[in-house]
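First the structure, in the form of structure tokens, and then the observations on it.
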Amino acid sequence: SLAWIPARLLNAVLDSDPHYFDQCDSLKQLVTTGEALIIGEALKAWVERKNIRLFNFYGPTETHVVTSKIVDINNISRIPDIGKPINNVAIRLLDANAETVPKGLIAEIWIGGPYLAQGYLNDEALSSQKFIKKDGQSLYKSGDSGWIDSSGNIEYLGRMDDQIKIRGYRIEPFEVESLLHSVDGIEQ
């Protein structure tokens, strides 16, 4: 009765075959995560037709799931907000000086709580850049941007850098570019 499907896979399947999941009569709840959920026509039609309860979760690998939102398929934008923090999670929107911004302003999403990783294995330099103590609390500096609306829901706006994901692995394009520059015959 419950499925957890990455947002991109879900949309790809439904875009190629809008009735792909129709034989899953017991499915009543669907959780998406992994990247921004985009509500396409095929997804909207399927959720309405099968009366599925759709959840939009957010959480970087370094924290696991930290926000949850039940999506009202009939009352949303193309990209729904990611909801509010789950129990024991602190979400803070901080500017470039690590200062809290007022609701409604865009800033970086910082995450605190018991679900944080302790750092990156064998990478103290990166760990010290991303896992920071602020006001006595351990926080993860996500690199994601967003803002908090008047009802306390967080709008995810995307990455603040050029980082991309390929098959679940985070890729820094500048690292690929620097390696390519070391190859004879490649100028740019």
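Things to note:
- Scope the range 14-70; condition closer than 23 Å to LYS165 by Cβ, part of a helix (DSSP H, G or I) and open to solvent by 30 Å² or more (accessible area, probe 1.4 Å); matching residues: ASP15, SER16
- Filter result for LYS141 (open to solvent by 80 Å² or more (accessible area, probe 1.4 Å) and modelled with pLDDT of 85 or more): no
- The range 142-157, residues that are hydrophobic (A, V, I, L, M, F, W, C), more than 17 Å from THR63 (Cβ to Cβ) and under 14 Å from the mean Cα position of the chain (by Cα): TRP147, LEU157
- You will find that of GLY40, GLY59, GLY34, GLY113, the residue that is touching a helix residue (DSSP H, G or I) at 6+ places or on another chain (Cβ under 7 Å), in contact (Cβ under 8 Å) with a residue 12 or more places away in the chain and within 18 Å of GLY143 (Cβ to Cβ) is GLY34 and no other.
- Scanning the range 93-114 for residues that are out of contact with any strand residue (DSSP E or B) (no Cβ under 9 Å at 6 or more places or on another chain) and of a type in the set (Phe, Trp, Tyr) yields no hits at all.
- Test result for GLY146, at pLDDT below 90, open to solvent by less than 80 Å² (accessible area, probe 1.4 Å) and not in a loop (DSSP other than H, G, I, E, B): no
- Restricting the range 71-104 to residues that are open to solvent by 60 Å² or more (accessible area, probe 1.4 Å) and aliphatic (A, V, I, L, M) leaves a set whose member that is farthest from the chain's Cα centre (by Cα) is ALA96.
- Just so you know, in the range 49-62 the residues that are within 11 Å of the chain's Cα centre (by Cα) and of a type outside the set (Phe, Trp, Tyr) include one that is modelled with the highest pLDDT, and it is ASN56.
- Filtering the range 105-134 to residues that are surrounded by 11 or more Cβ atoms within 10 Å (Cβ to Cβ) and either among the β-branched types (Val, Ile, Thr) or assigned to a helix (DSSP H, G or I) (or both) leaves ILE106, ILE109, ILE111, LEU126, SER127, SER128, GLN129, LYS130, ILE132.
- All of LEU116, LEU139 fail the test of being under 13 Å from GLU62 (Cβ atoms), in contact with a Gly (Cβ under 7 Å, 6 or more places away or on another chain) and hydrophobic (A, V, I, L, M, F, W, C), apart from LEU139.
- Screening MET160 on (1) under 14 Å from the mean Cα position of the chain (by Cα); (2) modelled with pLDDT of 90 or more shows it passes everything except condition (2).
- ASP161 outside any strand (DSSP E or B), open to solvent by less than 30 Å² (accessible area, probe 1.4 Å) and under 23 Å from ARG8 (Cβ atoms): no
- Of all residues in the range 164-188 being under 18 Å from LEU126 (Cα atoms) and of a type in the set (Asp, Glu), the one that is surrounded by the fewest Cβ atoms within 10 Å (Cβ to Cβ): GLU175
The values are calculated or read from the model by the stated rules, or taken from the named source; none is laboratory data. Computed from a predicted structure; not experimentally measured. Glycine also receives a Cβ, built like all others from the backbone with ideal geometry; neighbour counts cover every protein chain displayed. When the accessible area is computed, the model is the full protein with side chains, heavy atoms only, and any ligands, DNA or RNA have been set aside. Shrake-Rupley method; radii C 1.70, N 1.55, O 1.52, S 1.80 Å.
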